[in-house]
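The values are calculated or read from the model by the stated rules, or taken from the named source; none is laboratory data. Keep in mind that what you see is a predicted model, and the values were worked out from it rather than measured. In this analysis, Cβ positions are derived from the backbone assuming ideal geometry, glycine residues included, and neighbour counts consider all displayed protein chains.
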Ligand code: NAD
Ligand code: ZN
């Protein structure tokens, strides 16, 4: 049995910052599992929560432990749990669907009307332990490295976006080559796309996009990226736009790079409403535009697992920083500077990182 309390990185008050508190280990009920966190990865959303932007202020109800990307070992299971047992190495789908709304009934639980997110609406994984409904656990195939298991959630966002339409033989523009954009490039390549244009304003990340297999790495701050893409595609534009920045300028550029009849899959989240030339960019183009949210449950998890097992996804360049929970200030500063890949916290093990 675990000790009665644990360390957790918490948003304690409705203001910028966070702190490590000693709190009770979550109690599990029927259908739940308690998971001992091995590695937890920081998402851009966690930086928004840390900085307490308007979205966080409207959504979170402190005190709450944040963090929603992780892997760990099942410690205990509640009554009625089948299919997972103590000792299993797992990750989890942290979006909790209600099971009874119209979308849930239609087999679209990823856009559930009553969706709750662990690490946003209830205590998350920046802690020694996290409580998860056992049905949301995802057992990790032994062929998958432990650090990859910690980022299945954002990898799933990339897989969901890339595989939301045809990809083999297609030309692809990825606008925004942060961690998800870079994984999107790797997935598109692994799935047989022909040419990838990585579009990114941060030079560190543009270099990373190349490492992940972008055939062209274009910085719209330094060159006319739209003209370059059109030139390289015989004036047509790309078949597929994967929008992974949420930046209005990138979104506009992306639609101008898209060929008539192309597919635009939008994952990036703008912080404000974005104006749009609907006629030129969508209607006259006959473009197919898709909003992409989360991961399909659990098709995306199966696809991500299969791709990782195939050995065709090398995500290694994303991992540089491994930290103790206590180093959170340093972690968020690094993330804010746009220099980090996927930063991993190790909340339990004494990794020798703690000073
Ligand atoms: P990130 O912030 O690390 O990456 C975004 C990248 O876009 C950055 O590298 C940034 O430099 C780049 N960018 C900014 N302006 C640009 C421009 N004008 N042209 C080209 N690139 C530009 O974020 P991430 O973790 O990789 O996630 C990608 C996006 O997806 C974010 O907007 C995030 O909020 C969103 N997201 C959406 C979902 C969903 O379910 N829809 C899930 C996770 C993340
Ligand atoms: Zn629902």
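Here are some notes:
- Summed over region 175-187, the residues that are within 17 Å of residue 239 (Cβ to Cβ) and within 9 Å of ligand 1 (Cβ to nearest atom) give a count of 2.
- 2 or more residues touching a helix residue (DSSP H, G or I) at 6+ places or on another chain (Cβ under 8 Å) and more than 14 Å from ligand 2 (Cβ to nearest atom): qualifying strands (runs of 3 or more DSSP E) within region 75-146: 89-92
- Residue in region 283-300 that is modelled with pLDDT of 95 or more, away from ligand 1 (no atom under 15 Å from the Cβ), assigned to a helix (DSSP H, G or I) and assigned by TED's automatic domain parsing to the domain that holds residue 177 present: yes
- As for region 51-70, it holds at least one residue that is under 22 Å from residue 151 (Cα atoms), touching a strand residue (DSSP E or B) at 6+ places or on another chain (Cβ under 6 Å) and more than 16 Å from ligand 1 (Cβ to nearest atom).
- Residue within region 288-296 that is out of contact with any strand residue (DSSP E or B) (no Cβ under 9 Å at 6 or more places or on another chain) and within 16 Å of ligand 2 (Cβ to nearest atom) present: yes
- Within region 194-205, the set of residues being over 10 Å from residue 182 (Cβ atoms) and out of contact with any helix residue (DSSP H, G or I) (no Cβ under 7 Å at 6 or more places or on another chain) comprises 194, 195, 201, 202, 203, 204.
- Of the criteria (1) in the same structural domain as residue 176 (by TED's automatic domain parsing); (2) crowded, with 20+ Cβ neighbours inside 10 Å; (3) within 14 Å of ligand 1 (Cβ to nearest atom), which one residue 272 fails: (2)
- For residue 40, the stated conditions do not hold, so it cannot be described as free of Cβ contacts under 8 Å to residues at least 60 places away in the same chain, within 21 Å of residue 179 (Cα to Cα), surrounded by 21 or more Cβ atoms within 10 Å (Cβ to Cβ) and within 16 Å of ligand 1 (Cβ to nearest atom).
- Any chance residue 58 is farther than 24 Å from residue 141 by Cα and either away from ligand 2 (no atom under 16 Å from the Cβ) or in contact (Cβ under 8 Å) with a residue 12 or more places away in the chain (or both): yes
- Count - residues of region 221-254 that are in contact with a helix residue (DSSP H, G or I) (Cβ under 6 Å, 6 or more places away or on another chain) and either more than 13 Å from ligand 1 (Cβ to nearest atom) or assigned by TED's automatic domain parsing to the domain that holds residue 54 (or both): 2
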